[in-house]
Structure formats: structure tokens, C-alpha cells
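The values are calculated or read from the model by the stated rules, or taken from the named source; none is laboratory data. Everything numeric in this text was worked out from a predicted model, so none of it was measured. Because the Cβ atoms are built from the backbone with ideal geometry, glycine has one as well, and the counts that use them run over all protein chains shown. Remember, those area values only see protein heavy atoms, side chains included, never the ligands or the DNA or RNA. Shrake-Rupley method; radii C 1.70, N 1.55, O 1.52, S 1.80 Å.
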Amino acid sequence: MLGRRGSWKLRVGLTICAVFAVVAVLAPFLVHHPNRSGPDGLQPPSLHHLFGTTDIGQDVFKQVLAGTTGSVTIGVVAGALTVALSMLFGVGGAFLGGLWDDAGSLLSNVFLVLPGLPLLIIVTDYVDSRSVLVIALVIAIVSWAGAARVLRSQTLSVRSRDYVDAARVAGESRWRLMLREILPNLMPIIASQFVFGALGAILAEAGLSFLGLGAANGASWGSILFFAQNAQAITLGAWWWFVPPGLCIAILGAALGLINFSIDERINPRLRAAAQAPRRGGKR
Amino acid sequence: MSAPLLSIDDLTVEYRTARPVRAVDHVSIEIAPGEIFGLAGESGCGKSTLAYAVTRLLQPPAEIVGGAIRWTPDGADPLDVLGLDGRELRAFRWSEISMVFQGAMNALNPVHTVRSQIEDVFVDHRSGLSRTERRARAEELLATVGIDPRHLTSYPHELSGGMRQRVMIAIALALRPRLIVMDEPTTALDVVVQRTILDEIDRLRSELGFAVLFITHDLGLLLEISDRVGIMLSGRLVEQGSSRQIQDAPRHDYTQHLLRSFPSLRGDMPATGTRYVDREPERRPS
Amino acid sequence: MTTLEVRHLTKDYRSHRGHGAALRAVDDFSVRVTAGETVALVGESGSGKSTVAKMAVRLVTPTAGEVLLDGVAPARGGRADKRYRSRVQMVFQDPFSSLNPSLPIAYQLARPLRIHGVVRSAAEEERELLRLMEAVNLSPAKEVLRKYPHELSGGQRQRVAIARALAPRPEVLIADEPVSMLDVSIRLEILQLLDDLKRENDLAVLYITHDLATARHFSSRIVVMRRGRVVERGRSDDVILTPVHPYTQLLVRAAPDPASGPFAVDLQRYERHPEVTLGALDPDLDTWPEDAHWARDWRDDDADRSLVEELTGLAAASR
Ligand SMILES: Nc1ncnc2c1ncn2[C@@H]1O[C@H](COP(=O)(O)OP(=O)(O)OP(=O)(O)O)[C@@H](O)[C@H]1O
Ligand SMILES: Nc1ncnc2c1ncn2[C@@H]1O[C@H](COP(=O)(O)OP(=O)(O)OP(=O)(O)O)[C@@H](O)[C@H]1O
Ligand SMILES: [Mg+2]
Ligand SMILES: [Mg+2]
């Protein structure tokens, strides 16, 4: 199925994400003390300091590398948690029905109408520990509801397909129905929700950090931006301080977006290219 | 016969899988404006593949390895269908040519109502109809295929198989194309409804002058409604001719076999269950 | 010897918006299918045939009525369902949606074999799969088994669906338009296969179809449905050769039959056939002789008014 039109998006997206992932994993071993200050404040990029230095002489390149670890971790953890929660309430609700479904729907509806950003700000302000994992958890809790709703309706739609009924008539157990007949056909959506959740979390964390509510001690791209803003990097003309982390966010965001697009493209024509044809450009 | 509207010339299509399948093998067909061309043949012989090729809906691993398809509406310059791209292709499909898929029962979007799916066709193709006009047309189309307008607000799973098939026929008629490709459109319809719809299509055809490529296994029906008929067997078009001629003087073994196998409703049962063995590929050097 | 009986089945579908009257898809439907026999269910599109089929395999819960296997209502619950389905199988109407797009054919056929313990070893499974493929005339078997549904033509999918239903060696088969996408030659071959199973293994078949000719030739009795109700039932030859109810007459008249002369509609046919019972109520399965010819009385039934008018017009035109 590869090699179709549009798969360049997937390839580019995956490559960029892979690069960031590698950096995120290796950074803790390569960079020690990213926040150690040095004698040369506000130096523009040079061979010695690839991305220049901050006002107190910290190496921006090292900070960005270290920040990659933080931001990517937040993305992955929050994405995974979003998927886990939305599967629990969305897929679980649709499949088990009854009380569980009602409770799940109610809960996700409540979370849906709660305004996300203010809630995030309040909760992060409230929790004491500002570790990367806690931030990711908070972001996931605030943002799983939409995904759960989508997943629930998709599960219902897949569950009502004839082939699920056919598998039931063949004698499959509930668990197997769920794991072999329904879940695989939800995989593209789940993958896309993971990607979307990760993207949202990275952006949300950048926003939080920028407001000073992010992970402690500059462990993410957002917090670099926060310190840059505090030191008035823009008025000082220290572009090297905020452009690299900003670009990183934009590039990783775009890459995740590309992956999401290509998954979407794949969900629709999925084995039913012909059947979908009259609905080209239609809604789905 | 007038100049053909659609001419398929020596078309060959292969599925490039581990062991390539030649689904359409040097097939040539011409369809004149306003004509009904019937296509029958063994299950799996490539009829749907041919239909997909004509509507340019083939997806990899299918590949057109040879031949041409030309489209010549009322004396205009011939259009190379296989060369169409992007916008041209979009305009060509559905407003010039439309299709009822074999899997039509399964082709409706499960999360939208029948009404929105019919109206979408007008929206997607900038028909310039107002909202009320679209509604009226949607109702009119459903009436054409004999479905109660109260089903406009139904979702596909609330309709029976035959009703879903009829909705797809209605959608194919929506934009009044010049050619409608119908791939086994009536498998889930009882004969009464089937006949009503075919009469209706025939009436619309004489009014609007569109042509139909009709694929079915129901040979009796095919011979009755078609002007000309083609018979396919493992990718090849083994015979084509007027309905009369196919019915009275079938030339190919397989055509004779099909006609012989047809059970008569009020007559006797023919000798049943004999498998037709296609000997031609062995004889031909491949 | 297995008998499937459905008694007084009724199914109401609430309209999704919650308002408006519920739709009665099936209205007091009863039929009995005994081992070694095929009963054909024919009728108008949307008359409730598939709903009956789904109630019979317990996918849809009837609003009223019951499904009996050998005279007893099977228990509810996962285990009981599984046991029931090792005996009662179904072929779905639409082969384009009843096969899972993301699983290869071999898997979808092997599962019922394993679930119901038909095979015990991998070698046995392989042999059984090939046997099934041969039975439904799908070749080359090994290759088709490796394919995914979207790589098969409509008729090929339909044959896979039939093979899947036959895999657990059921005692009752409910086949919802199982051969609608097959050419005549293969169609007859498959029906012949079911016929053989019927004779040799005492299979009971409920054959839902729009193809009246095969309904007549492959089943002992025909039940005609319209708008959720049975309008005529009896031995196949009786129903097809001397149809009494106006709807059955319309059906027979509309069916292509180049080999015979035109069919003459005749609203008064029942008068010349005293063996036909007209009734307003469905006959009771317990007391009603299986083979008797019954038709619903249409003479003062509002639902059939337009039908009668149409038929009167046709009769006048042909005179
Ligand atoms: N995506 C695919 N990959 C590989 N082979 C395919 C694919 N689609 C179809 N085929 C094969 O191509 C052949 C022709 O298929 P096609 O669907 O055109 O048959 P058909 O004449 O429409 O048959 P039917 O009457 O059963 O619908 C079949 O043998 C089928 O197995
Ligand atoms: N889930 C549902 N919700 C609401 N209405 C339904 C549902 N399923 C079926 N119906 C309605 O029940 C009626 C009977 O449907 P059914 O599928 O049983 O017909 P059928 O006899 O199988 O027709 P066909 O020959 O066209 O397949 C139809 O009017 C249909 O609209
Ligand atoms: Mg086909
Ligand atoms: Mg049906």
C-alpha cells in the first residue's frame, strides 16, 4: 500500500520525528549541565556556541538539545495518555455499553465543555511538582475528551458493520471481537489521535512554559522561550535565543501534522477506494 | 450506428500482485450515445475491473498496461480518458460519466443521512442549485427509485440492502451524466422493483439520451434490456453482438453454456452444476 | 435431525429521531425449516427478510416472538450463543461488508474451524480450508486464501462468505441472498452443493433470494413476504405455478422467463383452486399442514388496495 500518492508526507514527517526522537534520547548523555552559566553573555552564534548564549552566558544549543528531551517526552507521554483515556472511555464505552458508556459519555462531555487552557493554568499552578511527567499528565487529562468522543462514534460505526456481526455468528468471543475485528480497524484513528495528542501537548506545554507554568529549570523548548522573554531577548536583538526553540516547535509540529494528514488520507480510501469515490471532497 | 460515445480500444489491465493477474485482456468495446450495452460473464472475469478502468477509479496494484479509452460527446473532439488528470478528471467523472458500484450496498457513508449524501452530490459538483431545489431534487430522485421520501432522514444502516442499492442508483442519476456504468446494480432487488427501476431508467434515457453500460449475471434481464451484449470470460471479451443475435445464435461455447444453464421459472430445470472449463488460455501461447 | 422454528416474530424499529411511529419491519412471521429441507423466502425489497434472518441467528432481538431449535428456546449468554452458532449459521446479504477488510481470507475461514473444534491440527486445518475452497469453486485455492477481501471480485467474496458459513458444519444454514453475485453456472453449482449437503448431512436451509427460478427448483416450499408479513406460502411449484395473492402474481409476472409464455395475471384464480386457503391470520405452525397452500386474504385489506388496482389494470390490458 506504500508508494501511493501522498506518502511523501508520511516519509518526511516520520524522518523529522525520528531525528527529534534520537536527539531526545541522546541529549541527556551528550549534554551535561545545559543551564550552567558562563562568562560570555548574549553572544551571537559562533563556532564555540553554535546557537549563541543567553544573558547569563548559558549555551543555547545545549539548552535546545536538553529541551528536546523534555518537549518530546511530554508529547509522547501526553499522546499515550490521551489515547489510553480515550480508548478506556470511548472504545470501552461503545463496546461495553450500559452504565460504563453513560458514565464515559457524561465524563467526556463534562471535560469537553470545560475550557482547556484556563483549566490547565489552574491545575499546573496548583500542583507542586513541576516535573515533565506531571505536566504531561495534566495536559492529557485536560484534552482526552474530544478524542474519546470521536473514538466512541467510530467504534459504534465499526461495531455495526456486517463483518463484526459475521464474526459474532462465527462464534468469536467478545474479547476477540474487540481485539481482532474492531480495534485493527480503529488503528488509523488511534494513531492519528496519538499524533494529534502529542502535537497538542507540545504546543500546550510551550504555552504553559511561556507563562512560567511549565516544567521547572528550563527542561523544555517552551521554558527557553520563557527565559528569553523574561530577559527581553527581542528588544535586545538576541534572535538566536528564541528562534531555535521556536523553530524546533514549528518543525516538529509540522512533521506531526504531516503524519496526521497522511494517516487521514489513508483512513478514507482504506481498501474502499472505489466505494469512497462518490464522496470525494465530501465530509467524513 | 452513430459515432461512439465511448470507445474502449484493446484495453489490458493487470493487477501487479505477487503473481500478476491479467483481469482485462485486450478488450475492445464501443458504446453509442443513448445505447444500453450489457456485459455478462463468469464471476471474477474482470467486469468490474473494466468498469473501474472506464471511470478511472482503478487503484494500485491495478495497472493499465495497454490500450486506449476515448470519449467523444456529440461530435466534439475525442478525449483521451486515460490521460485525464486532476480537475478534468473530476469534471469527467459524475457529470459526464457516473457509476453504481457492485458494492453499492456498502458504499454509503454510515454517519450521514441519505438526504445529505444525495444533496452533497449537487454541492460537490457545483450544480448551482439552491438549497430548496436540492431538497426537491433529492426527493424526486428517491421517488424515481421507489423509496418513500420519509427515508431521506434515515441512516444507511436503517435501510435494507435493496434500498441502499436504490439510493446509489439515485445518486448516479443525480447529475444526468451521458454514460452511467452500472455494476450489478439490482442484485438485492425483487423483480418487481427491478423492473420498475429499469423502466424508469429507460424512460429517462429516451428523455435525456444517456448511454448505459450494464453489468449483470442475470442474462434473461440483460438480453431483454440491452441493445448490444458482450460476454466476458477470464479477462477476454469472447463474444459481442446484438441481443437478438446473442440470444438466437450464440457463437462462443461459453455463451451457449450460460444460456443453457439458465433455469426457467415456469419450465423445467436444466442439467445443473456443470462447471465450464476455459480451454482457450492453454491453446494460446501466452 | 434438527428443526429451526421461528414463531410469531415481530420487530419494531424506533425511528432514530425518537418521534414518529415505530416502523414494523417484521410482523408476526412464522416458519419452520426441518432437516434435509430447503425453504425459500422471497419478497419485496425492504420487506423484512434480512431482519428475519438476523433474528434467527440471534443478532437482532425480536420485539415479540421466539426462535426455537428442536423445540426449545436456546439459553442466552456467550456460551449458549456459541453452542447455538455451531449449529445455526448465516450467510450475510452483502459480501462487500461482511468480510473484515483487514484480515486475510485464510484467517476468516480458519477461525470458525478452530472455534467450533472442527479441526485439531494445523495440517487438518489446511486440508479443510482447501476442501472448502474447492467446494465453492474458488481456485487457485492457496492463492485466494492468502488474499485480502478487497483483492477479490464480488462473486468471489460471496463464495468466501458461503465457505465461512459452512465451515463449522452447521445443521441449519440461513442464507441471505447467497448467490446473487454469481454467474448462472457457478450459482447452480453452489446451490447444488447445498442440495447435496441437505441430502447427505441433513442440512436445513432457509434460502432468502430474489431469484424465483432457483427458489422454485431448489426448495420444497416458498414463503412470500411483503411489508413484513407473509402473503403466500406453500409448496414451491404451487406458489410459482398457481400464485394467488396479487403480489405473488406480480412477482411471477415480472421475473424474466424467456423459455415460457407470458404469465397471465388473474385475481380470481383462487376460485378455481379450492385447495388454496385464504386467511386473514397466519396459519398456526402446530396445526397447519406444512405443504398446504395458503394466501393472505387481500380482498378487504387496505394495504393491498393499490396492488389490486395495478393488477386489475394489467389483467385488463392483457385481455
Ligand atoms: N486489488 C486486487 N488485487 C489483486 N487481484 C485483484 C484485485 N481486484 C480484483 N482482482 C482479481 O481480478 C479478477 C477480476 O476481478 P473483477 O472484480 O473485475 O471481476 P468481476 O468480473 O467483476 O467478477 P464478479 O462478477 O464476481 O464481481 C479477479 O480474479 C480478482 O481476483
Ligand atoms: N437498524 C434498523 N433501524 C431502522 N430500520 C431498519 C433497521 N434495519 C432494517 N430496517 C427497516 O426494516 C425494513 C426491513 O429491512 P430488511 O433489511 O429486513 O429488508 P429485506 O427484506 O432484507 O430487503 P432487501 O431485499 O432489500 O435486502 C426496511 O424498511 C428497513 O428500512
Ligand atoms: Mg464485479
Ligand atoms: Mg435484505
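Assorted remarks:
- Pairwise burial A:B, computed as accessible area of each alone minus the pair, summed, 1.4 Å, Å²: 1600 Å²
- Ligands, DNA and RNA left out, the accessible area of region B:112-176 computed with a 1.4 Å probe is 47% carbon and sulfur.
- Between C and B, accessible area buried - total, square angstrom, nearest 100, 1.4 angstrom probe: 4400 Å²
- Inter-chain neighbour count for A:169-179: the average number of beta-carbon atoms from partner chains within 10 Å of each residue's beta-carbon is 6.
- Computed over protein heavy atoms with a 1.4 Å probe, the accessible surface of region A:190-237 works out to 40 Å² per residue.
- Cross-link partners of A:LYS9 among lysines (Cα-Cα below 26 Å; sequence separation of 8 or more within a chain): A:LYS283
- Protection-proxy order for peptides C:245-257, B:87-99, each taking the mean of Cβ atoms within 10 Å per residue, highest first: C:245-257, B:87-99
- Across B:SER242, B:SER28, B:SER127, mean-square fluctuation computed from a Gaussian network of chain B (C-alpha pairs under 10 Å connected) peaks at B:SER127.
- Other protein chain C-beta atoms within 10 Å of residue C-beta, averaged over C:145-151: 3.
- Within the straight-line cut-off of under 16 Å between alpha carbons, the lysines reachable from C:LYS82 are C:LYS54, sequence neighbours fewer than 8 places apart in one chain being disregarded.
- Formal net charge of residues neighbouring B:ILE8 (Cβ-Cβ distance under 12 Å; K, R +1; D, E -1): -2
- Legend: residues in region C:37-74 shielded by at least 30 square angstrom of accessible surface upon adding the remaining protein chains to the isolated chain (1.4 Å probe, heavy atoms) are C:SER45, C:GLY46, C:LEU59.
- For chain A, the carbon plus sulfur part of the accessible surface works out to 70%, probe radius 1.4 Å.
- Accessible solvent surface per residue of region C:234-307, calculated while the other protein chains remain in place, 1.4 angstrom probe, Å²: 47 Å²
- Of all DSSP beta bridges in the protein assembly as shown, antiparallel share, percent nearest 5: 55 percent
- Net +/- balance of residues flanking B:HIS157 in space, Cβ distance below 10 Å, scoring K and R +1, D and E -1: 0
- At least 40 Å² accessible surface lost relative to isolated chain, residues of region B:209-250 (1.4 Å probe): B:HIS217
- Proximal charge balance of C:VAL136 [Cβ under 9 Å; K/R count +1, D/E count -1]: -1
- Between A and C, roughly 1800 Å² of accessible area is buried in total, ligands, DNA and RNA not counted and the probe set to 1.4 Å.
- Sequence-distant contacts, meaning Cα pairs under 8 Å at least 6 residues apart, place the relative contact order of region B:112-176 at 47 percent.
- For region B:112-176, accessible area per residue (1.4 Å probe, heavy atoms of protein chains only), Å²: 40 Å²
- Label point distance in nm, C:ALA280-A:LEU112, each placed 7 Å from Cα along Cα→Cβ: 5.0 nm
- Taking the 1.4 Å solvent-accessible surface of chain C as the whole, the part contributed by carbon and sulfur is 49%.
- Straight Cα distances below 18 angstrom link C:LYS49 to the lysines C:LYS11, with same-chain residues fewer than 8 positions distant left out.
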